[in-house]
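The values are calculated or read from the model by the stated rules, or taken from the named source; none is laboratory data. Here the structure is a predicted model, which is why all the values come from computation and not from measurement. Don't worry about glycine lacking a Cβ; one is built from the backbone with ideal geometry, like all the others, and counts go over all protein chains shown. To get the accessible areas, we keep the full protein, side chains included, count just its heavy atoms, and leave off ligands, DNA and RNA. Shrake-Rupley method; radii C 1.70, N 1.55, O 1.52, S 1.80 Å.
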Amino acid sequence: MDTDLSTRYDASIVESKWYQAWQDAGLFKPGPGDRRYTITIPPPNITGSLHMGHALCYGLQDLLGRYKRLRGYSVLILPGQDHAGIATQSVVTKQLKKEGVEAFQIGREKFVERVWQWRTESGDTILRQFRSLGCAFDWDRERFTLDDRYVQAVLKVFIEWFERGLIYRGLRVVNWDPILKTSVSDIETERRVTRGKLYHVRYPFKDNSGHLTIATTRPETMLADVAVAVHPKDKRYTELIGKTLVLPLVGRELPLIADEYPDPEFGTGAVKITPGHDANDFEVGQRHGLETLVVFDEAAKVNDLGGAYKGLDRVKARERIVADLEEQGFLERTEDHEIALVVSTRSNEPVEPMASEQWFVSQTQLAAPAIKAVEEGKVRFVPERYTSVYLDWMNNIRDWCVSRQLWWGHRIPVYYTEDNAPFAALSWEDAQKKAGDRKIVRQDDDVLDTWFSSGLWPFATLGWPEQTDDLKTHYPTDVLVTARDIIYLWVARMMMMGLDFVKEVPFKDVYIYATVLTEDGKRMSKSLGTGVDPMDIIGTKGADALRYTLFSQTGYNQDIRYSDRRTEEARNFCNKIWNASRFVFMNLEGYDHSRSRQLQVVDEWILSRLARTERTVRESYEAYDVQSACQALYQFFWSELCDWYIEISKGRLADPAQRSAPQWVLVTCLDAFLRMIHPVMPHITEEVYSHLPVPGKSALLMQATWPEQAGTVNERAENLVESWLETTRALRALRAELGLAAMKAVPVAYYEGDLGDGASLVAGQAWIEDLRRGRPEGKFVSTSIPGIDLHLPTEGLIDEVAERERIGGQIEKATQELAKLEQRLENPNFVERAKPEVVEKERATTNDLRDMIAKLESRKKLFGG
RNA sequence: GGGCGGUUAGCUCAGUGGUAGAGCACUUCGUUCACACCGAAGGGGUCGUAGGUUCAAGUCCUAUACCGCCCACCA
């Protein structure tokens, strides 16, 4: 650090140089030693770019890794990316469209080639951004969920589950995304309450004995109705059960069946049953052996079954059908009704519930050990409240639809014979072998849900299914740092897959970090324009400032609100660290780290504060309470080290005879502070550390050790110095109240009471040239803290009335306080039941206050009060 | 409908049952000696509301309001 230069910390100059240095020193790879610490990072999508949530998530993992490295662990943070089936296919499809090409025109093979090409060109933006953030990840172990080796892992899992009967094909109502033309899982959808209508439609009886009215929010699906159901105990309808109805507009005959499903309280109590387009109706259909009709095609347009309505999309079809019903007198009435519309989070389009043949994984059996592991504490959620979120979901888990009608992804390794018998196999040849004489004619067209492959992440990245050294040494991993919205989507799957295939939990801790919101509490979103690009902050204020901004707000809370003002605070803190360090280095003339030195109380005080800070910071990091660590570091550095210790030491530093002790203390404190805050701010600390004149220090701060032994707790020194600081504050306040500018020397002041050796310290810090024991002659003003009175001669310069009022105010305040305490002490219950030390403390305070009030009264008299 | 967070100074948030805190903003003062992205001194709070437990409640319990998130088959 060139101490002659800038008093402003310039992150852009400093941050660029260290990343390469760390990498060149091999520090991103696990070192020797048995104490391992491993994280396999949540693989971001190849379509992704860094947002605030990422910056927090991956920054936190880097923080944990850096902390553990300082603690002597051999750390591996394994990076990689997810092929992200739907997201990536959308991006490339859109890109093609811009070129005027539809994906289906070029065909599957060409399309997939095109996606790979896209990935090579622009698929790792986010990984470069992680580097700017300072993330110390082992890039040599980088993995991708479609790597050759990863594919082997996926195949093995699928085939094994298939052969164990855990994977089955079945007709189910799935969430069909008509834009992406694929099924999506329940957790890829969300419900949006919207205003809709409830249509009451008359279904006539076949025997012309009138009609029955059903209520529906989706009249267009009536084209696929196969029955009408009522509750068996619904008296209005019991007589009618078994009769036949005629479907309006279509003419199909529908039985009136009895089932527990309809709620007599809702609508008319009669429900049209459409097994092809409603999951509940599907179940009713299964119970009653009804046919499942599907009336929409893959784009949610009416298909051949829809007769006159064929070719219309869902919205148009509804309009026409409602109009026709009305015209033909079937529409009884329409009322406004709130409906929870299920929307695909992938395309933002309402899903069409549609019965289709899909591959499923049975979950109950796999979930059992994953539930047990959490119940037994083998996996711990932090914050703890997410444990029940996980358990509740796992205990009610439903089978997982794993097939997706996409091209980009792991193609389902199921091959069919001519007579449609499925064989799961590693390859076509392998399938043929399994099929024997029957000829394999085709492979399943679908691909697997992306989460099927990312569920293997913690062990597939370490080489599984081979028993690699990495797998042996790094599994189970130590922690998963992730967002709460993928507890089901991902965490649960990793648990099940890890336990099933490696027989051990994939990670010991699951830390769920806070969601980053905008300043006014909204979701950050690019499409809404409410996002802030972390790269802008890194560019202007530095990665360290960004990291501090996020970390200093992150603990066990659910959300944090991102605000630019917070980044200013962080930037200012960087600047403070920079300048305080400059100060230290500017004052190291003649410094010899190894020379003996005589410590004073104030030195012992700051070293004691350092020791306490170390403890707090260490415990906070260990507990994922990063916010508390940041707070302790900020407080120690700014308030205690800079505002007090440095100021107090200036005099001694100027004196060659005295300077060695404060020099050593400053270097020691700075050194320890840098190590402790390095996980939060890796760049600036590395830069400052490189200038630290400590013999035998490590080449890089990143490979240094944690300052566990820095400082010694010394209560005597803390109490003593704290009372001096208290005295100083009182004296400064007195000066300020008299309008004496700070730092302008006042020739003389007096004190009564015991200051120990602190008088000169107090005098220096309160800008008093001569602080004498005793009481001045003539007029003076005073202030008191417990045990000490301070007097400032005024030489008739002050306004006596104002002074009287000032003292009066102080008396009032003290009296109120005293009254409160006395009341408490007069309460026998308090004296008997409260802890003795509390009672004792209150007694002492009472005495101090009485003393003080007496003194104030007598002073007030001096001014004619 | 169920569950989980939150409600503390103008703003953003800490707060282990024992006299309410920080940063920003605000007021006053201060730029010769690390830093004005700074320093000193201030003002500002019946801790959402109502009960309860306790000698003592921002903190524990119960109820309730509002904000947010998650889960849920009312067509």
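Are any of the residues in the stretch A:249-256 closer than 21 Å to A:VAL201 by Cβ, in a loop (DSSP other than H, G, I, E, B) and not hydrophobic (A, V, I, L, M, F, W, C)?
yes
Give the residue, chosen from A:GLY311, A:GLY267, that is part of a loop (DSSP other than H, G, I, E, B), open to solvent by 10 Å² or more (accessible area, probe 1.4 Å) and away from RNA strand B (no atom under 13 Å from the Cβ).
Answer to the check: A:GLY311.
Checking the conditions here, which among A:VAL302, A:VAL351, A:VAL389, A:VAL379 is crowded, with 18+ Cβ neighbours inside 10 Å, β-branched (Val, Ile, Thr) and within 16 Å of RNA strand B (Cβ to nearest atom)?
None of the others qualify; the one that does is A:VAL351.
Test A:ALA657 against the stated conditions and say whether it is within 16 Å of RNA strand B (Cβ to nearest atom), of a type in the set (A, V, I, L, M) and open to solvent by 10 Å² or more (accessible area, probe 1.4 Å).
No: the conditions fail for A:ALA657.
Could you list, in sequence order, all residues of the stretch A:517-537 that are modelled with pLDDT of 75 or more and in a loop (DSSP other than H, G, I, E, B)?
Answer for the stretch A:517-537, where residues must be modelled with pLDDT of 75 or more and in a loop (DSSP other than H, G, I, E, B): A:THR518, A:GLU519, A:ASP520, A:GLY521, A:LYS522, A:MET524, A:GLY531, A:VAL532, A:ASP533.
Go through the stretch A:443-496 and give me each residue that's crowded, with 24+ Cβ neighbours inside 10 Å and either part of a loop (DSSP other than H, G, I, E, B) or at positive phi (or both).
Across the stretch A:443-496, the qualifying residues are A:ASP449, A:GLY455, A:LEU456, A:THR461, A:LEU462.
When you scan the stretch A:567-590, do you find a residue that is part of a loop (DSSP other than H, G, I, E, B), of a type in the set (S, T, N, Q) and more than 9 Å from RNA strand B (Cβ to nearest atom), even just one?
no
How many residues does the stretch A:823-850 contain that are within 9 Å of RNA strand B (Cβ to nearest atom), of a type outside the set (Phe, Trp, Tyr) and in contact with a Lys or Arg (Cβ under 8 Å, 6 or more places away or on another chain)?
1
Does A:HIS83 satisfy being under 30 Å from A:TRP22 (Cα atoms), open to solvent by 50 Å² or more (accessible area, probe 1.4 Å) and at pLDDT below 95?
no
Here are some residues: A:GLU220, A:GLU253. Which one is in contact (Cβ under 8 Å) with a residue 40 or more places away in the chain, buried (at least 22 other Cβ atoms within 10 Å of the Cβ), more than 10 Å from RNA strand B (Cβ to nearest atom) and under 26 Å from A:GLY329 (Cβ atoms)?
One residue alone meets the criteria, A:GLU220.
Looking for something of a type in the set (Lys, Arg), open to solvent by 50 Å² or more (accessible area, probe 1.4 Å), touching a residue at least 12 places away in the same chain (Cβ under 8 Å) and within 13 Å of RNA strand B (Cβ to nearest atom) - is there at least one such residue anywhere in the stretch A:199-212?
no
Take the conditions surrounded by fewer than 21 Cβ atoms within 10 Å (Cβ to Cβ), basic (Lys, Arg) and over 28 Å from A:GLN598 (Cβ atoms) and apply them to A:ARG716. Does it pass?
So A:ARG716 fails the test.
Between residues in the stretch A:544-567 that are touching a residue at least 60 places away in the same chain (Cβ under 8 Å) and among the charged types (D, E, K, R) and residues that are within 9 Å of RNA strand B (Cβ to nearest atom) and open to solvent by 50 Å² or more (accessible area, probe 1.4 Å), which pairs lie under 6 Å by C-beta distance while being six or more apart or on different chains?
From the stretch A:544-567, no pairs qualify.
I'm trying to understand the selection: among the residues of the stretch A:26-51, which are of a type in the set (Val, Ile, Thr) and outside any strand (DSSP E or B)?
Answer for the stretch A:26-51, where residues must be of a type in the set (Val, Ile, Thr) and outside any strand (DSSP E or B): A:ILE41, A:ILE46, A:THR47.
From the list A:ALA741, A:ALA736, A:ALA763, which one is within 11 Å of RNA strand B (Cβ to nearest atom) and either hydroxyl-bearing (Ser, Thr, Tyr) or in a helix (DSSP H, G or I) (or both)?
Residue meeting the stated conditions: A:ALA736.
Being in contact with a Phe, Trp or Tyr (Cβ under 7 Å, 6 or more places away or on another chain) and among the polar types (S, T, N, Q) is the filter here, so list the residues in the stretch A:494-523 that pass it.
Hit for the stretch A:494-523 is A:THR518, nothing else.
Using the structure shown, decide if A:ASP138 is of a type in the set (D, E, K, R), surrounded by 16 or more Cβ atoms within 10 Å (Cβ to Cβ), farther than 30 Å from A:GLN358 by Cβ and more than 16 Å from RNA strand B (Cβ to nearest atom).
Answer is yes for this residue.
How many residues does the stretch A:480-521 contain that are more than 8 Å from RNA strand B (Cβ to nearest atom) and of a type in the set (D, E, K, R)?
Looking only at that region, the number is 6.
Let's see how each residue does on (1) in a helix (DSSP H, G or I); (2) under 22 Å from A:ARG71 (Cβ atoms); (3) open to solvent by 10 Å² or more (accessible area, probe 1.4 Å):
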{"site": "A:LEU633", "(1), (2), (3)": "yes, yes, no"}
{"site": "A:SER639", "(1), (2), (3)": "yes, no, yes"}
{"site": "A:LEU653", "(1), (2), (3)": "yes, no, no"}
{"site": "A:PRO662", "(1), (2), (3)": "yes, no, no"}
{"site": "A:PHE673", "(1), (2), (3)": "yes, yes, no"}
{"site": "A:VAL680", "(1), (2), (3)": "no, yes, no"}
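Do any residues in the stretch A:266-280 that are farther than 22 Å from A:ASP186 by Cβ have Cβ atoms under 7 Å from those of residues that are among the aliphatic types (A, V, I, L, M) and near RNA strand B (Cβ under 6 Å from one of its atoms), where the two are at least six apart or on different chains, and which pairs are they?
What qualifies is A:GLY267/A:ALA215; A:THR268/A:ALA215.
Within the stretch A:791-810, identify whether any single residue is loosely packed, with under 12 Cβ neighbours inside 10 Å and in contact with an Asp or Glu (Cβ under 8 Å, 6 or more places away or on another chain), and answer yes or no.
No; the residues of the stretch A:791-810 include none that is loosely packed, with under 12 Cβ neighbours inside 10 Å and in contact with an Asp or Glu (Cβ under 8 Å, 6 or more places away or on another chain).
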